[in-house]
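Notes follow once the structure below has been shown.
Every number in this text was worked out from the coordinates using simple rules, so none of it is lab data. Please read these numbers as outputs of a predicted model, since none were measured by experiment. In this analysis, Cβ positions are derived from the backbone assuming ideal geometry, glycine residues included, and neighbour counts consider all displayed protein chains.
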């Protein structure tokens, strides 16, 4: 046990040292954003926000928050920046892999490189504020759903209120409250704190996403034509719904098509059913459609290497601020079963649908 304790202490010391002078933590790594810099090798990028003109800003000042990955240790109560150190070391490894893909226009050749990319995409999917808010909204959604189900049993609900010390002056007042609770979308619940808990949940989910990308996805490199370019955002890993799945399971990481643009020219695609080519040249419309997906999943900002009127219009039209929203709905109008889901993602780009290998098995659940 002493050896385990000593090795863990060495682990902590190593990554604390890496992060010791870093208080502004970036949930979108700076090396990644530099692939979209306004000038090659530069440190500035165009930032798009709804209702504002594009701004040329320093990459160091965006997608960042003070002490985002600083947590209190449960046993000692001391603050630790271990996770920021872990992220920093991993980013150093994957940066070279992505730069090489961009340089040669091909997917990585080795299992180690694929593993680095899968880990990067998995963490990028869950480490930002949008995913943290989505996890909280899922918990709130479960609370609302439980309350809705309880409204179907008035006597039991009345007893729950009694146990909580809530009384009603009349049966009419109780029925009014019960009716109010029957529509979860009409009222709000706020959940404060729990950042460490939700961060742990996110890290656990990133492991699941990593396994899906490595073992259940076909990897492809999507290429923009010379007259069209990809953008990115402050929540850059997106999914599109493929046509080969039933709609209610088509939008998640397992069956959905996972996309991450890695430069104005290239986009990584992870797909349940493979395409007929590892590299696929897209049309202008396909690139525009993928950019719409990126805008609809963005938190507050889009980023690109150009000052573009088209991207400004895209930002105003699709960046709604609902990227972390959770919807409670029935599986079917007359079914007794409800489901929680995020906002609906866009359908898959035409080039992906039209170049898909005919599936031998269509996922059903």
Nearest-0.05 FRET efficiency for residue 249 and residue 56, computed from C-beta distance (R0 30 Å): 0.10
Taking every alpha carbon pair in region 137-211 and sorting the distances into 5 angstrom bins from 0 up to the bin holding the longest one, the percent per bin comes out as 3, 13, 18, 18, 14, 11, 9, 7, 4, 2, 1, 0
Would you mind ranking 244, 180 by Cβ crowding within 10 Å, fewest neighbours first? 180, 244
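With the radius of gyration and the Kirkwood radius both derived from the Cα set of region 110-253, what is their ratio Rg to Rh?
Checking Rg against Rh, the ratio lands at 1.14.
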For residue 43 and residue 162, extending 7 Å from Cα along the Cα-Cβ vector and measuring point to point gives, in nm, a value of 6.8 nm
Which length gain, in nm to one decimal place, applies between residue 175 and residue 276 when the Cα-Cα distance is subtracted from 0.36 nm times their residue separation? 30.5 nm
Between region 205-261 and region 87-116, what is the C-alpha centre distance in whole Å? 18 Å
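Convex hull over the Cα atoms of region 198-281, averaged projected area in nm²?
About 6.4 nm², averaged over all directions.
Could you tell me the calculated FRET efficiency between residue 227 and residue 358, based on Cβ-Cβ distance and R0 = 35 angstrom, to the nearest 0.05?
Details: r = 32 Å, r/R0 = 0.90.
Result of the calculation: an efficiency of 0.65.
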Order of 32, 187, 198 from fewest to most other C-beta atoms within 10 Å? 187, 198, 32
